[in-house]
Amino acid sequence: MPDTTRPAGARHSSSILVTGAAGNLGREVVNRLHAHGARVRSLVRHQTAARTGVESVVGDLTDPTAVRAALVGIDAVFLIWPLLDSAPAHDLVAELAAAAPRVVYLSSTAIDDDAARQSDPIVQVHAEMEALLHDAGLRPTVLRSDTLASNARGWTQQLRVGDVVSGPDVARTAVVDERDVADAAVAVLLTHHDRPDHEPHVLTGPEVLGRDEQVALLGAALRRRLRFQVLPADQARSRMLADGRPEHLVEALIAASVRRPRTDRITDHVERLTGRPAGTFAQWAVDHAAEFGR
Ligand SMILES: NC(=O)c1ccc[n+]([C@@H]2O[C@H](COP(=O)([O-])OP(=O)(O)OC[C@H]3O[C@@H](n4cnc5c(N)ncnc54)[C@H](OP(=O)(O)O)[C@@H]3O)[C@@H](O)[C@H]2O)c1
């Protein structure tokens, strides 16, 4: 098993760039790399408070000059692509190919390798990004992640004013704790734990859950009777637009809710990479109850 228990202070020789470092997952990756003594540089869009031991570079993933500067002296990159279009990634991938670091790309379990076209724009972009990275000769390590538990943070506003979470119905998935995905990413980044066949690692949680079940589990952690209410697509669209979400994102989310097929796949890839089984959503809810006002 990889050594992910290395004590803080025992420095790794690698310099690692973390993209999306201010996000739900990126933050967890940065924290872990730092605790393992790796040299960490985070790429963020907005300057954050300085943190000892973590170098922060401000830049946009679509700005090749910023990306080039961020890659100087870097051995490995934890890469996310949060855009709904892969076209602006060509410059980024060219910069990566020129700097030639190891690339660990965070993709999606929803990719169907046999489909010419993926179910919805979000999955399509991940498939295109994987292909771009491979075609550039980067031999990326691909982590295909299921739905992150941290997406539940999107419910905090609704739960401040009531006991109902409403939204579009979505396919049941094996929701995975973002801390497990971060542990898996760190194991790969620090130990070169690649699959010999270069197949993706498929990171899932231990059980397949519907939104209603997730909301009920969160309610149990908060000691509240919470329920999920399905909104028809047109109502969900109007509400997301009224909340100020960009139209192309709203359309992608609606397409995902309508077209993404249900998957029942549960893997042991988290355990293979981290040495321990993936955590449950129930535990995530208990650990994060304070964020929901409990
Ligand atoms: N969430 C899921 O269920 C899921 C499942 C599979 C794969 N993924 C992939 O994992 C990624 C990370 O997920 P997450 O939940 O951590 O997302 P998140 O919390 O929304 O974080 C995304 C981060 O990317 C940054 N960002 C957005 N556009 C950028 C740009 N043009 N240049 C540089 N940085 C940019 C954001 O910066 P700001 O802080 O400035 O907004 C944010 O910090 C997703 O983007 C997706 O590609 C997610």
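Values as computed for the structure displayed
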quantity	calculated
Residue check, residue 146 more than 16 Å from the chain's Cα centre (by Cα) and at pLDDT 95 or above	no
Condition broken by residue 289, with the remaining ones in (1) closer than 21 Å to residue 183 by Cβ; (2) out of contact with any Phe, Trp or Tyr (no Cβ under 7 Å at 6 or more places or on another chain) satisfied	(1)
Qualifying positions in segment 28-44 - under 17 Å from the mean Cα position of the chain (by Cα) and either of a type in the set (A, V, I, L, M, F, W, C) or closer than 15 Å to residue 80 by Cα (or both)	28, 29, 30, 33, 42, 43, 44
Subset of segment 258-274 [assigned to a helix (DSSP H, G or I) and under 18 Å from the mean Cα position of the chain (by Cα)]	269, 270, 271, 273, 274
Inter-residue pairs, beta-carbon under 8 Å, first over 19 Å from residue 144 (Cβ atoms) and in segment 270-294, second aromatic (Phe, Trp, Tyr), 6+ apart	292/155
Any hit, segment 275-287, residues being in a loop (DSSP other than H, G, I, E, B) and closer than 28 Å to residue 86 by Cβ	no
Residues within segment 26-47 that are within 13 Å of the ligand (Cβ to nearest atom) and either touching a strand residue (DSSP E or B) at 6+ places or on another chain (Cβ under 8 Å) or on the phi > 0 side of the Ramachandran plot (or both), tallied	9
Residue in segment 180-187 that is more than 16 Å from the ligand (Cβ to nearest atom), among the hydrophobic types (A, V, I, L, M, F, W, C) and in contact (Cβ under 8 Å) with a residue 60 or more places away in the chain present	yes
Failed item, numbered, when residue 52 is tested on (1) over 24 Å from residue 135 (Cβ atoms); (2) of a type in the set (S, T, N, Q); (3) surrounded by fewer than 23 Cβ atoms within 10 Å (Cβ to Cβ); (4) within 13 Å of the ligand (Cβ to nearest atom)	(4)
Segment 196-234, subset aliphatic (A, V, I, L, M) and part of a loop (DSSP other than H, G, I, E, B), residue farthest from residue 259 (Cα to Cα)	226
Output for segment 9-24, where each listed residue is modelled with pLDDT of 70 or more, at negative phi and part of a loop (DSSP other than H, G, I, E, B)	13, 14, 19, 21, 22, 23
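The values are calculated or read from the model by the stated rules, or taken from the named source; none is laboratory data. Just so we're clear, the structure is a prediction, and the values are computed from it rather than from any experiment. Cβ coordinates were reconstructed from backbone atoms using ideal geometry, including for glycine residues, and neighbour counts include every protein chain displayed.
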